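Where a number appears in this text, it was derived from the coordinates with a stated rule and is not lab data. Everything numeric here is computed off the predicted structure, so don't read it as measured data. Here the Cβ positions follow ideal geometry from the backbone for every residue, glycine too, while neighbour counts run over all protein chains shown.
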Amino acid sequence: MFKVTVNKETCEGCGECVDVCPSEVFEMKDDKAEPVNMEECVGCESCVDACPTDSITVEEVEE
Ligand code: SF4
Ligand code: SF4
């Protein structure tokens with residue numbers, strides 16, 4: 001499985017990650033992206049590529 005982290009300091013709330021994620025991992029909360037559905041992440045890193053502020057990290061972790 002994957003651990004998805006959003007840096008709330010640099011996230012500018014554009015919503016790109018919400019739009020691009022095929023597994024609906026993100027929701028917007030208080031104008032910041034929140035990984036609410038991390039267990040559905042498939043590790044495609046589309047969110048990492050889409051984020052204009054490099055605020056997202058995706059790392060593979062042991063089950
Ligand atoms: S790596 Fe892919 S599946 Fe995982 S949160 Fe990012 S866009 Fe969604
Ligand atoms: S794409 Fe990046 S800056 Fe935009 S909402 Fe997601 S984490 Fe925040």
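Could you identify the single residue in V42, V25 that is free of Cβ contacts under 8 Å to residues at least 60 places away in the same chain and either out of contact with any helix residue (DSSP H, G or I) (no Cβ under 7 Å at 6 or more places or on another chain) or within 9 Å of ligand 2 (Cβ to nearest atom) (or both)?
V42
Does region 28-39 hold any residues that are closer than 10 Å to F2 by Cβ, of a type outside the set (A, V, I, L, M) and either within 7 Å of ligand 1 (Cβ to nearest atom) or in contact with a Lys or Arg (Cβ under 9 Å, 6 or more places away or on another chain) (or both), and which are they?
The answer is P35, and nothing else.
Which residues, taken from region 16-26, are more than 14 Å from V58 (Cα to Cα) and surrounded by 13 or more Cβ atoms within 10 Å (Cβ to Cβ)?
E16, V18, V20
Only residues that are within 14 Å of ligand 2 (Cβ to nearest atom) and surrounded by fewer than 16 Cβ atoms within 10 Å (Cβ to Cβ): list them for region 51-63, please.
Once the filter is applied, which keeps residues that are within 14 Å of ligand 2 (Cβ to nearest atom) and surrounded by fewer than 16 Cβ atoms within 10 Å (Cβ to Cβ), region 51-63 yields P52, T53, D54, T57.
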